[in-house]
Every structure is written in C-alpha cells, then in structure tokens.
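K.L.:
Have a look at this one.
A short reminder: the numbers here are calculations on the coordinates, not readings from a lab. Computed from a prediction, not measured in an experiment: that's the story for all the values here. Reconstructed Cβ throughout: ideal geometry from the backbone, glycine too, with neighbour counts over all protein chains shown.
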C-alpha cells in the first residue's frame, strides 16, 4: 500500500515553483502526480487573475474530494479576495514572492495532521452543547461548572465559548488567555493538535478553555469550514468538549450541534424562558429530526416548593426534564466574581452536588430518547399560557 501523500502542482512563477518542487522533492513522504487534482491530497495552484473561475474550479475539486488540501499562490493581497478563497475551503494562501519558511511550515503541519488523522487510534470524544433558552438563564455558569465537574475525574476536557464576542467563561474561571479562537481561524492553514493546545487557556484544575473570537476583523474568517476544523482537531485531543452556544443560533452553532452527543437547552421556571425553550425544541426538530434524541432540558434555579412542577414543565415542552439545578444565587455569584470553585469552597452544598450529578449523567452511556407525546391534559403551565393568549 502506498502511504505517500500525493501532491499536484500548478504554479507558473519560476521562483515559487522552484521553492515548492525543492521542498516537496526533499521529503520522502510526498509524491508528485500529474493527473487531475482531485486524486491528490494536496493541490497547489497559482491564481494570477480571473478569480471567479478559479473559485469555481476550487469548489468543483472540493465537491469531488472534500479532504483535498488546497494551497493558493497569488500576488493578490486584497483582504476581501483572500476571505473568498478561505471561505471556499482553501487551507493556505501565500503571497508572491513566496516565503520558504512559511511554505515549509504549512507543509510540515499538513503532514503531521495527515498521519495523525489517518493512523491514530480513535478515542471517542463526547461533545455536549449548551444552548440558553434566553439571556440570563445561567447558561455560561452551567457550562463552566459542568466542565469543571467532568475535569475533576481527570478526563481531558475542553470548554469552548462560541458566544462571540461577549463570551465570558474564561472570566468566570479567572484565567487570562493570551489568544482566542480568533488566532486559530487566522492560522487555520497550519492548525493541528499542538497549535490548538498552545492556544487553549489552562485552568488550575487542568480544564482547557478556548475563549471566543473578540476582534471584529477575525469574525469574517470564522467560516463554518474553519470552525469545524477546530472542532475536529479538538476531538482528537480531548475526551469531553463542553460548548457554550449562548442563546443564539447561526450556521456555526448548527454545524456544532450536528456533531454533539447532547444538546442541552437551559431554561428557568418562568414563562418567557419556557416559551423560548419550546420554540427551540420545535425549531431544532424541524431543522433535523435526529436532534430530538439529543435534546436534554436543564431547568436552572428550580425551586422544588414552587407551584410549577417538573411534570408541568415536561408536559408543556413535550419532553422530559433531564436535570434541575437549585437556586443558589449567592454561592454562584460569589464564585463567578472571585474565580473560586464550587467544589472547593462549597463541597457540601446542594448546588455542588447538582453539578456533580449532571456531569455523571453526561459521562455515562447515553440514555434512550426522552421525547414525550404531546399531552392532552391541561397542566398549570398550559393554563398560564392559555390565559396570556
């Protein structure tokens, strides 16, 4: 079996062509091919003009071979033009005159990623997405404390904050990151496990955190393809990934939900929050019916003495409540403001046990579908909504 990586080159610039051929020829793991690019693992193309046709050509090759790594060489330095290529799926864009160091670094990164993805022993990574029914439901606090609780078992865990640019999970954890996910989308052409773990902020518990993109110039670079690449590399490193989606959905969120094992919708026992949770359940069901087996309802700040019961909420949402978290604003607020940890400062508190129980539910084998048939009896909550209508 031929384990070499096949490279197809279409570069006219003499100096760049010499650098590329010398670099590829000097490495035994590469082999040059002269057939169609979609048979290759890497396609290096020079784009001089007619950028529209070049983009169409690249899309066609990626339709045939989605795993094709495309590197573009060009004199065009316009930022918008470069974004067009990146959003189409180009993994590297190099300006002429070609830098030997940058090109060889990109090739080295690809080679490491290629062999790691092809020959590594797959370790199952469980991805849990948390989606707030509305702002103020405590979604980020739940993400942070769930991730911390999982990490206490010494399971490699990553907390990803997609709530850009306002995400503050790293603030709650009192970590001061050098980089954000914005750095990764800028450097996606050389993304690998080493780069991702270097960028991830390290909490004292061992939990790794990827803060959200915070600079407006980086947001356009965060294509679905680039963000999906980040998640795929993360899955090769961590056993658990906890994702904070905030309370909104875009194409990137939906792409991440597609790969998640759980979609946890967090809400509070109030009318607006539960109404939004119901809307989210319906939207996700219509978007992808397979999502229904993933959805888990988490009710935050639940008071067991309230007239509104778990049964009322389950009937209204037509889906079982997966977990409840008691209302303990004083302890949660104190930890958020000081960077303290619930399990260290309040190990015997009910809310600490609640997060421990939640992480146990998430880390054990997935349970069966929890979707209910739409109930006929009128519950307290349904009466409330009817009376408001």
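K.L.:
Show that you can apply the helix-only estimate: for the chain, add -39,500 (n - 2.57) for every DSSP H stretch of four or more residues, divide by all residues, and state [θ] at 222 nm to the nearest 500.
P.N.:
Working: 16 runs with 169 residues, N = 389.
Rounded to the nearest 500, it is -13000 deg cm²/dmol.
K.L.:
Pick from 296, 126, 364: which residue has the top mean-square fluctuation in a GNM of the chain where Cα pairs under 10 Å get a spring?
P.N.:
Answer for the Gaussian network model of the chain: 364.
K.L.:
Stokes-Einstein D for segment 5-119 at 10 °C, 1.306 mPa s, Kirkwood Rh over Cα pairs, in µm²/s?
P.N.:
Translational D for this selection: 111 µm²/s.
K.L.:
Moving on. Counting other beta carbons within 10 Å of each residue's own, what order do 292, 160, 181, 5 fall into, fewest first? Walk me through the numbers on the way to the answer.
P.N.:
On the way: 292 16, 160 29, 181 26, 5 20.
With the fewest neighbours first, 292, 160, 181, 5 line up as 292, 5, 181, 160.
K.L.:
How much length, in nm to one decimal, is gained on full extension between residue 168 and residue 96, taken as 0.36 nm per residue of separation minus their Cα-Cα distance? Don't skip to the answer; put the middle values down first.
P.N.:
Working: separation 72, 0.36 × 72 = 25.92 nm, distance 3.97 nm.
The span from residue 168 to residue 96 would gain 21.9 nm if fully extended.
K.L.:
Right, next: Per 0.36 nm of contour for each residue apart, how much would the distance between residue 214 and residue 261 grow if the chain were fully extended, relative to their Cα-Cα spacing?
P.N.:
So the extension gain works out to 14.2 nm.
K.L.:
What residues of segment 34-78 lie in the reach of a label at residue 15, counting those whose backbone N is under 16 Å from a point 7 Å from the Cα along Cα→Cβ?
P.N.:
73-77
K.L.:
Something else: Angle between the Cα long axis of helix 224-235 and the longest principal axis of the chain, 0 to 90 degrees, nearest 10?
P.N.:
80 degrees
K.L.:
Provide the percentage of antiparallel DSSP beta bridges, counting only those with both residues in the chain; round to the nearest 5.
P.N.:
5 percent
K.L.:
Sketch the reach of a paramagnetic label on residue 81 as a point 7 Å from Cα along Cα-to-Cβ, and name the residues of segment 45-70 whose backbone nitrogen lies under 11 Å away.
P.N.:
Correct set: 47-52.
K.L.:
Given a cut-off of 21 Å, what percent of all Cα-Cα pairs of segment 189-276 lie beyond it? Mind showing how you got there, number by number?
P.N.:
Working: 1517 of 3828 pairs.
Counting pairs separated by more than 21 Å, the tail of P(r) holds 40 percent.
K.L.:
Here's a follow-up. At R0 = 45 Å, how high is the FRET efficiency between residue 178 and residue 124 if r is their beta carbon distance? Nearest 0.05 is fine.
P.N.:
Calculated transfer efficiency: 0.90.
K.L.:
Roughly how many Å is it from the Cα centre of segment 134-201 to that of segment 265-312, as a whole number?
P.N.:
A separation of 25 Å, based on Cα centres.
K.L.:
Just the number, please: Stokes-Einstein D of the chain in µm²/s, Kirkwood Rh from C-alpha pairs, 10 °C, 1.306 mPa s. Walk me through the numbers on the way to the answer.
P.N.:
Numbers: Rh = 23.1 Å.
In µm²/s, the coefficient rounds to 69.
K.L.:
Okay, moving on. For the residue pair residue 251 and residue 286, what label-to-label distance in nm results when each label sits 7 Å from Cα along the Cα-to-beta-carbon direction?
P.N.:
According to this spin-label approximation, the distance is 2.1 nm.
K.L.:
Using Cα atoms only, what is the angle between the long axis of helix 329-338 and the major principal axis of the chain, expressed in degrees (0 to 90) to the nearest 10?
P.N.:
Taking Cα atoms only, the helix is inclined about 30 degrees.
K.L.:
Among 295, 33, 265, whose mean-square fluctuation peaks in a Gaussian network model of the chain (Cα, cutoff 10 Å)?
P.N.:
Greatest mean-square fluctuation among the candidates belongs to 33.
K.L.:
Please determine, in degrees from 0 to 90 and to the nearest 10, the orientation of helix 350-363 with respect to the longest principal axis defined by the Cα atoms of the chain, where the helix direction is its Cα long axis.
P.N.:
That helix lies at roughly 50 degrees to the long axis.
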